[in-house]
Amino acid sequence: MANRDPHSTRIGDKELHPESMMMGYGYRPELSEGAVKCPVFQTSTFVFKSAEEGKAFFELAYGLRKRDPNEELGLIYSRVNNPDLEILEDRLTLWDGAEEAAVFSSGMAAISTTLLSILRPGDVIIHSEPVYGGTDFFLKHILPSFGIRVMSFMAGRGTADLEKMVDDPLIAEKLAMIYLETPANPTNALVDIQAVANIAHGLARGDRRPLVAVDNTFLGPIWQHPIDHGADLVIYSATKYIGGHSDLIAGVALGPKALIKQIKGMRTILGTVTTPWTGWLLLRSLETLKLRMTSEMKNARYVADFLADQPKVMRVHYLGRLRENDPGYRLYRRQCLGPGGMISFELVGGEAEAFRFLNALQLFHLAVSLGGTESLAEHPASMTHSDVDPEERMEMGITPNMVRLSIGVEHPEDLIADLKQALEAV
């Protein structure tokens with residue numbers, strides 16, 4: 001990388017692929033004693049060359065003046081910026097085709113900071129359902145205390161309900177954001193991002209229109225690119241596939257420079273940025289992201305097909321098993337690049353049968369989270385989505401007999417053997 005611009009995306013006329021650029025994009029080895037990998041800049045503060053330089057850096061950091069065309073924000077304090085995080089944010093933009101990225105201390109930090117930086121008292125936010133349990137709580141119990149009205153529509157049922165809501169002028173005029181989680185956690189139900197973006201653009205009034213934000217955690221930056229379908233912002237729990245080893249907590253928001261600058265300003269004040277060490281771990285993980293997610297997706301296909309043939313399994317929710325007569329098939333083919341590694345299924349019976357199955361697993365780990373190299377199994381109704389209203393939970397399809405699997409990189413025959421013996425215990 002020392003022989004070429006670290007921010008170049010080409011070699012001659014050849015456009016490089018993201019998986020190639022993950023090895024060095026944004027990093028200059030010559031600035032770090034020639035180290036082939038970026039060191040960990042484990043420091044809270046940075047030394048200025050002069051008082052004048054310190055003044056100039058703070059003027060940019062706090063928006064006291066406009067940045068000159070070739071001027072970059074210098075290093076000040078690791079709550080504001082840090083070399084590991086700057087390189088990480090540069091690389092994170094590549095898969096999604098985003099202008100800029102911001103990293104956070106968790107997925108919920110990314111979600112809450114993003115929403116608090118955009119929404120104001122009196123605004124309306126409409127979101128798809130179901131969403132991750134923590135997101136559900138933030139939307140329904142935290143935002144209303146700030147005077148923000150929260151409304152929802154069900155994923156997997158088209159956009160008719162959303163269109164009906166925005167037909168009300170009182171809602172349309174105050175609508176600041178449409179927040180999507182697609183595929184939905186844990187049902188894998190899809191929302192048409194392009195259709196929602198078209199609705200948002202149709203509500204534009206002057207320079208104001210609702211933003212479309214998409215939580216893309218379930219498919220990650222490999223199997224779905226929301227910005228290509230009209231989304232303004234993409235959000236990840238980087239704890240999941242981007243981190244991918246169940247050894248860190250982090251979040252990401254991506255989008256246009258102006259929006260991300262606004263979100264970073266809120267991040268600085270709230271202190272929700274992640275640490276240099278976590279940033280370094282994420283840089284490591286990005287190098288194998290496509291390899292891991294491809295292996296997990298291939299394994300999930302085998303597992304989903306096995307489960308679909310079992311008499312004790314009522315229904316399997318996996319994008320890779322959608323057929324041409326399924327309502328979501330065409331949307332999946334148009335919007336997604338692959339089915340990912342997340343499977344939910346419903347056992348014959350109820351919670352007792354689901355618990356017997358989970359307690360009998362030997363290779364799968366009984367744990368929440370997802371997207372790691374190891375396979376995980378959990379019970380959404382009593383774990384990740386336990387704080388969702390029970391009636392709403394049932395309407396969303398999160399039933400007492402549902403089990404959610406995150407498929408890892410183990411051998412698929414071993415995963416199936418474990419599932420088989422656990423089903424025998426039901």
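The values are calculated or read from the model by the stated rules, or taken from the named source; none is laboratory data. Predicted model, so just to flag it, every value in this text is computed and none were measured. We place every Cβ from the backbone using ideal geometry, glycine too, and count neighbours over all the protein chains shown.
Would you call K37 among the basic types (K, R), surrounded by 14 or more Cβ atoms within 10 Å (Cβ to Cβ) and not assigned by TED's automatic domain parsing to the domain that holds L92? Before you say what the answer is, go through the steps one by one.
Details: among the basic types (K, R): yes; surrounded by 14 or more Cβ atoms within 10 Å (Cβ to Cβ): yes; not assigned by TED's automatic domain parsing to the domain that holds L92: yes.
For K37, the condition - among the basic types (K, R), surrounded by 14 or more Cβ atoms within 10 Å (Cβ to Cβ) and not assigned by TED's automatic domain parsing to the domain that holds L92 - is met.
Out of A300, A352, report the one residue that is of a type in the set (G, A, S), in contact with a strand residue (DSSP E or B) (Cβ under 9 Å, 6 or more places away or on another chain) and not assigned by TED's automatic domain parsing to the domain that holds I87. Steps first, please.
Details: A352 fails: in contact with a strand residue (DSSP E or B) (Cβ under 9 Å, 6 or more places away or on another chain).
It is A300.
For segment 312-325, filtering for residues that are farther than 16 Å from L219 by Cβ and surrounded by 12 or more Cβ atoms within 10 Å (Cβ to Cβ) leaves 5. Before we move on, is V150 under 30 Å from R404 (Cα atoms) and in the same structural domain as M108 (by TED's automatic domain parsing)? So V150 fits the description; yes. Across segment 281-331, the number of residues qualifying as touching a residue at least 60 places away in the same chain (Cβ under 8 Å), over 22 Å from the mean Cα position of the chain (by Cα) and not in a helix (DSSP H, G or I) comes to 5.
State whether the residues of segment 352-365 include one that is surrounded by 13 or more Cβ atoms within 10 Å (Cβ to Cβ), closer than 26 Å to G107 by Cβ, without any contact (Cβ under 8 Å) to a residue 40 or more places away in the chain and not acidic (D, E).
Keep residues of segment 352-365 that are surrounded by 13 or more Cβ atoms within 10 Å (Cβ to Cβ), which gives 353-358, 360-361, 363-365.
Now restrict to residues that are closer than 26 Å to G107 by Cβ: 354, 358, 361, 364-365.
Checking the rest, the ones that are also without any contact (Cβ under 8 Å) to a residue 40 or more places away in the chain come to 365.
Then keep just the ones that are not acidic (D, E); that gives 365.
Scanning segment 352-365, I find at least one residue that is surrounded by 13 or more Cβ atoms within 10 Å (Cβ to Cβ), closer than 26 Å to G107 by Cβ, without any contact (Cβ under 8 Å) to a residue 40 or more places away in the chain and not acidic (D, E), so the answer is yes.
A quick yes/no check of all residues on (1) in a strand (DSSP E or B); (2) over 18 Å from E99 (Cα atoms); (3) assigned by TED's automatic domain parsing to the domain that holds E413:
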site: I235; (1), (2), (3): yes, no, no
site: T239; (1), (2), (3): no, yes, no
site: D247; (1), (2), (3): no, yes, no
site: L254; (1), (2), (3): yes, no, no
site: A258; (1), (2), (3): no, no, no
site: G279; (1), (2), (3): no, yes, no
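Of all residues in segment 32-48, those that are touching a residue at least 12 places away in the same chain (Cβ under 8 Å) have Cβ atoms under 8 Å from Cβ atoms of residues that are exposed (fewer than 14 other Cβ atoms within 10 Å of the Cβ) and in a loop (DSSP other than H, G, I, E, B), 6 or more apart or on another chain, in G34/A2. Here the strands (runs of 3 or more DSSP E) wholly within segment 70-163 that include at least 3 residues being within 30 Å of E287 (Cβ to Cβ) are 100-104.
Inclusion of L64 among residues that are assigned to a loop (DSSP other than H, G, I, E, B), without any contact (Cβ under 8 Å) to a residue 12 or more places away in the chain and not assigned by TED's automatic domain parsing to the domain that holds I269 is warranted. Among the numbered conditions (1) surrounded by fewer than 21 Cβ atoms within 10 Å (Cβ to Cβ); (2) in contact with a helix residue (DSSP H, G or I) (Cβ under 8 Å, 6 or more places away or on another chain), the only one that R284 does not meet is (2).
Scanning segment 136-180 for residues that are surrounded by 18 or more Cβ atoms within 10 Å (Cβ to Cβ) and on the phi > 0 side of the Ramachandran plot turns up just one, G156. Does R205 meet the test of being modelled with pLDDT under 95 and not assigned by TED's automatic domain parsing to the domain that holds H379? For R205, the condition - modelled with pLDDT under 95 and not assigned by TED's automatic domain parsing to the domain that holds H379 - is met. For segment 325-359, which residues satisfy the criterion of being more than 26 Å from Y241 (Cα to Cα) and of a type in the set (G, A, S)? Across segment 325-359, the qualifying residues are G349, G350, A352.
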